[in-house]
Amino acid sequence: MAPPWCPCRALLPALALALLGLAAAAGPRQTPALELAQELAEELWSAGLPGDLPELEPECRSLLAAFAEGSAALTGCLGRRARPVRLCQGCHGHYRRLLAQYDSIARAVGNSSESHNCAKSILTSDRLQIVVTLSEFFNETWEAANCANCLKNNSEGLSNSTEEFLDLFNKSLTCFEHNLQGQAIDLSPNNYTEVCKNCNETYTKLNDLYNHLQRMNRQGGESAHSAHLCIDVEDAMNITRKLWSRTFNCSLPCSDTVPVIAVSSFILFLPIVFYLSSFLHSKQKKRILILPKRIQSNANLVNIQEKYS
Amino acid sequence: QLTPSSFLRIGQLSNVDLNEDIRELETEVPRQRPNEIPHNEKLLSLKYESLDYDNSENQLFLEEERRINHAAFRTVEIKRWVICAMIGILTGLVACFIDIVVENLAGLKYRVVKDNIDKFTAKGGLSFSLLLWATLNASVVMVGSLIVAFIEPVAAGSGIPQIKCYLNGVKIPHVVRLKTLVIKVCGVILSVVGGLAVGKEGPMIHSGSVIAAGISQGRSTSLKRDFKIFEYFRRDTEKRDFVSAGAAAGVSAAFGAPVGGVLFSLEEGASFWNQFLTWRIFFASMISTFTLNSVLSVYHGNAWDLSSPGLINFGRFDSEKMGYTIQEIPIFIFMGVVGGILGALFNALNYWLTMFRIRYIHRPCLQVVEAMLVAAVTATVGFVMIYCSRDCQPIQGSSVAYPLQLFCADGEYNSMATAFFNTPEKSVVNLFHDPPGSYNPMTLGMFTLMYFFLACWTYGLTVSAGVFIPSLLIGAAWGRLFGISLSYLTKGSIWADPGKYALMGAAAQLGGIVRMTLSLTVIMMEATGNVTYGFPIMLVLMTAKIVGDYFVEGLYDMHIQLQSVPFLHWEAPVTSHSLTAREVMSTPVTCLRRIERVGTVVDILSDTSSNHNGFPVVESNPDTTQVAGLRGLILRSQLIVLLKHKVFVERANLSLVQRRLKLKDFRDAYPRFPPIQSIHVSQDERECMIDLSEFMNPSPYTVPQEASLPRVFKLFRALGLRHLVVVDNRNEVVGMVTRKDLARYRLGKEGLEELSLAQT
């Protein structure tokens, strides 16, 4: 950028400094200009003139405040119930309320004029659109958790099957606790057979119910989300299964290796027998050569051989 | 360095009566080697004949062409388009049928086996599940193999070699019959359901060709129905054009690759090609993929979604991770080298196996038993692999169709089972798209190894099944393994996505086995739906082909050669310039005179030792010992029609009411001309004369004796000839060049080789 005839490099920092000074001078000049515009708008507002209003109507302001509080409550609820996952059970009330608040914003009409309702000024008048973003985030989370799956149709409270499942889940947890109580914590992992034996019934029931719910769900639903159960149920089952299979090591042992090896080696042996016997007993297929009718000349043979000599 | 013994055979086989002018060239040769030899690759079978791609331009033909006016030609053109549309629609429907039936039957089988395994895992006694699985597979494959072995053996295999031969101009018996189509479709369904390491894509190409050949004729000789339409197209020339359209439609239905289909036809049958034909074939391909698409969308419940264009859908490759950078190109090329080597190994193993099969397992019942054994072993290997695998993956969030738990913890499935306990198509897509970490390297390694041998063992069985999908699967498995190790080496860089390498590995393996270039690149590109992959796929296929060709030739060419088909390659062998037509031709030639005695014709046709199809017609000359000037060429099929209709000179004089023979009479007999034995000629009629001048082709192609082999070859290949008469400077017939005379010369390992003719 520097002109090629520039003799000394010391000039460059000086130039930069000068530019900086220029920018600094421009800065303060801008702020008063903004303030001026704001004042102008306020004057216009008090004069009852239409303009880009810097202030919300009071009704809208209260709606916005309600939404803010609702989203804070929901966020808190979601955060607190993140592990172990109890989102759908604990937060569906908050979520429903927030939905209602958002709806009332989206539908509310301010009293000044048709074109200046709350929906417009809250939801769409700036680039960030924070209210929309928040509500989208909550909706997406709810969708991803697939909570609708374990709530009643009107989403007031848990559905019957979920209640039943959670009931069984609690029962099995109690069973695990009960059976582990007498034992020391630092037991080696293969000493959990007591638990496996005693809680097998409850666990199997729980597992079956879960599989049943999953099957029902898969038959009923079409969309991608409905392939999953709601996150609460899934997580509860995951925890139980992990306890059962990993911690207590109750999953099925690798059994009957000997018969499997016997049967498979028998089957693998068959082709060898087949190929050997067909090699030894089958008559090899012979081809009958046909003598072509062709001129035979020495030239022919010589021609070909020439190429290799 | 050369032993002359390899060429001695040429001399030993010659025992011809020669004309005066060439007798002095004959040498004394030791006679009669043992003429029964075991099958080998250096044979040409007499079973195969050429197609008559060149029109016989006789008087009847010229008269008919003159009668057809301009408007009628336009109707013919419109009919061609209608036929192409019908080819596309029917091919698409057949593909849908195969897809739906396979999906349901395979689903049923896997559910039954899965329930059984689940039951016996808890109770013990898994060997029963193994037996159940193996028995189910073996019995399904038995049915599939029975119908192929006993009803229509030509329906075995993928059908691509056969169609390649057909487009090359070789008439493979039964290859485009309705019966073949039925057996092919049922056979494919049964072999895929039977759990063999096969795919249903290759056979689609054959099916499309049969459909094309059937529709374009407007009748079915198998069903004895003649719809009296499209009679104009009843000859080899037209039929072959439609067959190439059918092959393209088949490719397009199989892979959802209409352009790839057109290029496949171009690559395999390109010597007879023009722009209009290309455009028509493209039309047929598009219609075919569109039909498949819309019917499958209705079947899957989202009508008119049109998002499943082929039997195999590679899924979408457009996420961020699937991109590639210039640094990866050397890696892809390296994968191409690996694919070429593995492909060559596959082909070499399959070569030995096929040779063994041709020599020893030629009885149909043995072939059925072999197929059953392969099916049972495939199931067993799969079961043992699953049983021994300790690779468990969480079931949550994965898209496994039939998750097998076995000894995994609850909520997890056996990862080996996704590869083995599934139809191969689904396994391929899983390997492409499952998120990183779904497969353990050990699992993939064992799977690649086992599947490689299984697929190699399976190809060439007497079942109808293709090799595309197994190759893709092998390649995808080692490609994914490669990708995993790469990301391990680079400490988990974002660009080392195993799915991408699985795709490149699949391309490399397939290219290394079948050695297709242009069409395969486009097919892969269209199947992935990502044009930017064109470049790496091209590089991979190119490398795989170069490396593979260094060792052995492609699988299809190898099988064509093992079948002893007289296949003409693009060009004559490079070192063949010193050979001339004189050395190549067959001589002496059985000639007919222009007005010939019926008895002579019948005797010549019934002679079993010389199964000639074309006879040069020479000027009637009282002196029969002298070879007279060439006047035309007549085909066996024409002679048979003439004999059947008793077009004798004497009869024409006797009864004027007898109508003149028309071109239609020849067409009605096409393509199954009756054998000469079925035509009865009485003793009196033998003395009649037959006038051939109206029916022969008066302007056959001829070459002088001095023409070089490459020149003869070029003429033959470019015009699609069946007979090429060799004449001397007095226009007297000295010899005849046919397809087998040219296909004999081949460039082998040690230079120019000559194949021998054999009865098979």
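The values are calculated or read from the model by the stated rules, or taken from the named source; none is laboratory data. Because the structure is predicted, anything quoted here is derived from the model rather than measured. FYI the Cβ positions are ideal-geometry reconstructions off the backbone, even for glycines, and counts take in every protein chain you see.
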Hits in region B:575-606 (condition: within 11 Å of chain A (Cβ to nearest Cβ) and over 22 Å from residue B:756 (Cβ atoms)): B:577
Hey, residue B:314 in a loop (DSSP other than H, G, I, E, B), closer than 18 Å to residue B:516 by Cβ and not assigned by the TED database to the domain that holds residue B:664 or not: yes
Checking B:256, B:250 in turn, the sole residue that is buried (at least 21 other Cβ atoms within 10 Å of the Cβ), at positive phi and not hydroxyl-bearing (Ser, Thr, Tyr) turns out to be B:256
Residues being surrounded by 23 or more Cβ atoms within 10 Å (Cβ to Cβ), in a loop (DSSP other than H, G, I, E, B) and over 22 Å from the mean Cα position of the chain (by Cα) - total across region B:439-475: 1
Report the residue count in region B:285-306 for those that are surrounded by fewer than 14 Cβ atoms within 10 Å (Cβ to Cβ) and modelled with pLDDT of 85 or more. 1
All but one of (1) within 14 Å of residue B:96 (Cα to Cα); (2) surrounded by fewer than 24 Cβ atoms within 10 Å (Cβ to Cβ); (3) assigned by the TED database to the domain that holds residue B:200 hold for residue B:278; which doesn't? (1)
Among the residues of region A:126-152, what is the count of those that are within 24 Å of residue A:107 (Cα to Cα) and part of a loop (DSSP other than H, G, I, E, B)? 4
Among the residues in region B:356-366, are any touching a helix residue (DSSP H, G or I) at 6+ places or on another chain (Cβ under 9 Å), away from every other protein chain (no Cβ under 13 Å) and surrounded by fewer than 17 Cβ atoms within 10 Å (Cβ to Cβ)? no
Of these, B:409, B:371, B:379, which one is touching a Lys or Arg at 6+ places or on another chain (Cβ under 7 Å) and either more than 7 Å from every other protein chain (Cβ to nearest Cβ) or surrounded by fewer than 22 Cβ atoms within 10 Å (Cβ to Cβ) (or both)? B:409
Of the residues that make up region B:392-400, is at least one crowded, with 20+ Cβ neighbours inside 10 Å, facing chain A (nearest Cβ under 10 Å), at positive phi and at pLDDT below 80? no
Given the conditions (1) closer than 25 Å to residue B:349 by Cα; (2) at pLDDT below 90; (3) not in a helix (DSSP H, G or I), every one holds for residue B:494 apart from (1)
Single residue of B:464, B:487 found to be in contact with a helix residue (DSSP H, G or I) (Cβ under 8 Å, 6 or more places away or on another chain), touching a residue at least 40 places away in the same chain (Cβ under 8 Å) and within 30 Å of residue B:360 (Cα to Cα): B:464
Evaluate the following for residue A:134: is it of a type in the set (A, V, I, L, M), touching a strand residue (DSSP E or B) at 6+ places or on another chain (Cβ under 8 Å) and under 30 Å from residue A:67 (Cβ atoms)? no
Take residue B:127 and tell me if it is touching a residue at least 60 places away in the same chain (Cβ under 8 Å) and among the small types (Gly, Ala, Ser). no
Tell me whether region B:664-680 contains one or more residues that are assigned to a strand (DSSP E or B), more than 20 Å from residue B:171 (Cβ to Cβ) and either more than 14 Å from every other protein chain (Cβ to nearest Cβ) or aliphatic (A, V, I, L, M) (or both). no
Can you pull out the helices (runs of 4 or more DSSP H) entirely within region A:196-309 that have at least 1 residues that are modelled with pLDDT under 75? A:298-306
In region B:563-621, how many are closer than 30 Å to residue B:752 by Cα, among the polar types (S, T, N, Q) and either modelled with pLDDT of 85 or more or touching a helix residue (DSSP H, G or I) at 6+ places or on another chain (Cβ under 7 Å) (or both)? 8
Can you find, within region B:112-170, the residue that is nearest to the chain's Cα centre (by Cα) among those that are aromatic (Phe, Trp, Tyr) and farther than 27 Å from residue B:208 by Cα? B:133
Look at residue B:404 and say whether it is of a type in the set (A, V, I, L, M, F, W, C) and closer than 26 Å to residue B:507 by Cβ. no
Mind checking whether some residue in region B:119-130 is under 17 Å from residue B:199 (Cα atoms) and either surrounded by 23 or more Cβ atoms within 10 Å (Cβ to Cβ) or of a type in the set (Ser, Thr, Tyr) (or both)? no
Where in region B:690-760 are the strands (runs of 3 or more DSSP E), entirely inside, with at least 3 residues that are within 30 Å of residue B:642 (Cβ to Cβ), away from every other protein chain (no Cβ under 11 Å) and not basic (Lys, Arg)? B:723-727
Looking at region B:558-583, which of the residues that are of a type in the set (Gly, Ala, Ser) and under 11 Å from residue B:744 (Cα atoms) is surrounded by the fewest Cβ atoms within 10 Å (Cβ to Cβ)? B:572
